[in-house]
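Worksheet for the structure shown next.
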Amino acid sequence: MPFEHDTKSIVKTIARNDITKNRIKKVFSIITISLATTLLMALAMFESGYEISKDRLAAGQPQIIFSEVSDQQVSLLRSDEHIETIVVTDAKNGYDAQVTIIDAAKMTQYGFTTVVNKIASQYNIRRVITNELFMDSLPDGGLLNQKNAIIVAISFFVIFISALVIYNIFYLSITNQVQQFGQLRTIGMTQKQIKKVIRYERKHLCRISIPVGLLIGGFIGYLLQPNGWDWVCAIILSVLIALIITFVVKISLSKPAKLASSISPISSSKYIGGMNNYSTPHKLKRKLSPLGLSMISIIANWKKEIVSLLSLGLCGLLFVLAATYSASIDVEAIVEKEIYQYGQFIIDTTEEYNQIPEKLDSLLQNIKLIPGVNTVKQIMETDIEWSTINTIGDDQLSIITASDFSTIQSFIQEGETDYQTMVNSKEVLVVSGLDDISIGSTVVFSFGDGVDPTYTVGAILDSNIYSNTAIYGGWFLIPEELIPGSSGNFTVSVTLVVAADNTALKDVETSLKVLLDDFGGLSFTTMQEAVAARNVTVKQVSMAIISITLLLLFFSIITFTSTIITSIATRKREYAMLQSIGMQRKQVEVMALGESILLAVGSLLITLFLGIIGGQIMIRAMNDMGIFYLSYTFPLRLYAIYCLSTLFTIMLITFSAFRAMQKVSLVDRLRITE
């Protein structure tokens, strides 16, 4: 008959029986594959949900508003080849045209901005309002941002650890089934058929684990980003992750399958409890205590045990690096790099520009009279609309004085000028980064009251002025003498920075509070309050980072304990043989427990050693990148908690697994052949 030699049903039956009998292998393989699938699905759905939610919010809004356009400009916009839709509404000075650009969602931020600027320049439109939410939904055209890089790194890490654990579980199981595979070879089973048994087990485990992981991961992703849920995206990601996990499991089982198929009937008959793979140490005199036997077992099976060490040690390393980053953040250094570099106390107010002298002059004089006060720095900014020949926008304008210019002058990148020249020639300073603006360009400022004076760009400033001075936040800086007298009714935000002697901080703070009670509309903040507020933010960020690594650490501990339980379950006969030749039950238990603890301690030492070196390299690299607020600090407390938690968990799991094994009688365990 054509099907006379078809052994597919026999192979499947043997595989089903093996899965049914080896429940430990089945359970922990399913847990490992499901956890890996869950983590990948949750990460993927979180990231896609975040992007989709941004796109959906931006979709219901116009991409660009060309404001205060004329009838002729509206007609030109309607016929422009780049514009997809246009909605025109009445405005104070003409019309507002709400516009969407053809294929804008496929553009980068730079490409979209280029198209918009081209339209505005072509039709001489001076006022353009960009939908920042839509801009944020566009890619910047560069490499993956930091968030995406972290998610990709975590995903690869999960895949790598999962592959190690699945390999270890099946390796332990197959080394315990040497005699079984040898017997199957004796009765005529080929190497190809044995590989099919392993392959069927793999498919069976994946059919159970992957759907469970996808459902749980998808649910977690929905909870994290409910507004970003999309069924099409979820299905595509599910298929992609299922293929990835299936491939990872296949690769992980390739070597165990090769090992199982290479077993010959003769070698299997000589195999006893996995001892054939032991490498004999050269040392002849060894201490045969329970802990000594644990060490001998680890050394003899070092190739197998290295997988367990790596799985826990690498996840522990990631946790230590995250904790090192959090512990190394110097919050005071962050605050001191901000506006507090000029003083310990901040006074803020918002006033009409023409009312500033009568209100603040008296306040400034009284502050300077307080004992312990060294200097008082005044900062003024206002919101303006600006335009050049080809570009328009709105931004902050910093109003500077002659005393400010000495600080600003060191950041001049192009051009030569001084404060008096700026006043005499009606010059302003512009920070580098604005297209179509160079030295000599004219710029028109609108202060909101109908007065639109024109100025000339006198010099270009280095953009480092933002980070180094922590004061000037806008594109333009203007001398206070150039503010038109007829424009004195616009709103200005004023900040006074008070610097005091460190020995008199308390007294100065008390005096300032008493003084400010006599003035209305003023807010008062101390450097200590700023540090406390920043501490809250830093702790939130740190907790988010550590939480992600804790999730991976939890995954690693589970997979590590699964290999311990699998190892104990597959070595029942070995432990029974030791008891049969005189070892007490307690001694065998100490041996099993000692082996687990030695592996855990080894992984913790790997984590400590690599964590210290890696942490220093990481902080130094970040310092070189300009992240000044990091000062290497090893997270000793978190590492100690991690060590105690890991050891306690592993001891508890090992003790429980060994006690469960002891419920089977010694005779029955000696009879185990697979």
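The values are calculated or read from the model by the stated rules, or taken from the named source; none is laboratory data. Note that the structure is a prediction, hence the values are computed from the model and not measured. FYI the Cβ positions are ideal-geometry reconstructions off the backbone, even for glycines, and counts take in every protein chain you see. SASA here: full protein model, heavy atoms, side chains in, ligands and nucleic acids out. Shrake-Rupley method; radii C 1.70, N 1.55, O 1.52, S 1.80 Å.
Quick notes on this one:
- C-alpha center-to-center spacing [the range 327-395, the range 179-225] in angstrom: 66 Å
- Going by accessible surface with a 1.4 Å probe and the largest first, Arg202, Arg185 read Arg185, Arg202.
- In this structure, the pairs whose alpha-carbon distance is over 31 Å, taken from Lys196/Lys586; Lys106/Lys203; Lys337/Lys513; Lys12/Lys572, are Lys196/Lys586; Lys106/Lys203.
- Counting only protein heavy atoms and using a 1.4 Å probe, the accessible area of Val590 comes to about 60 Å².
- Most to least accessible of Phe319, Phe648, Phe524 (protein chains only, probe 1.4 Å): Phe648, Phe524, Phe319
- Sites Ile306 and Phe156, calculated FRET efficiency, Cβ-Cβ separation with R0 30 Å, nearest 0.05: 0.90
- Candidate residues Asp395, Asp103, Asp501: accessible-area rank, largest first, probe 1.4 Å: Asp103, Asp501, Asp395
- Straight Cα distances below 15 angstrom link Lys192 to the aspartates and glutamates Asp6, Glu201, with same-chain residues fewer than 8 positions distant left out.
- Pairs exceeding a 23 Å alpha-carbon distance, out of Lys506/Lys539; Lys195/Lys250; Lys377/Lys506; Lys21/Lys663: Lys506/Lys539.
- For Met543, the solvent-accessible surface computed with a 1.4 Å probe is close to 120 Å², ligands and nucleic acids excluded.
- Protection proxy ranking, peptides 397-405, 366-374, average beta carbon neighbours within 10 Å, highest first: 397-405, 366-374
- Lys250 accessible area, assembled protein chains, probe 1.4 Å, Å²: 110 Å²
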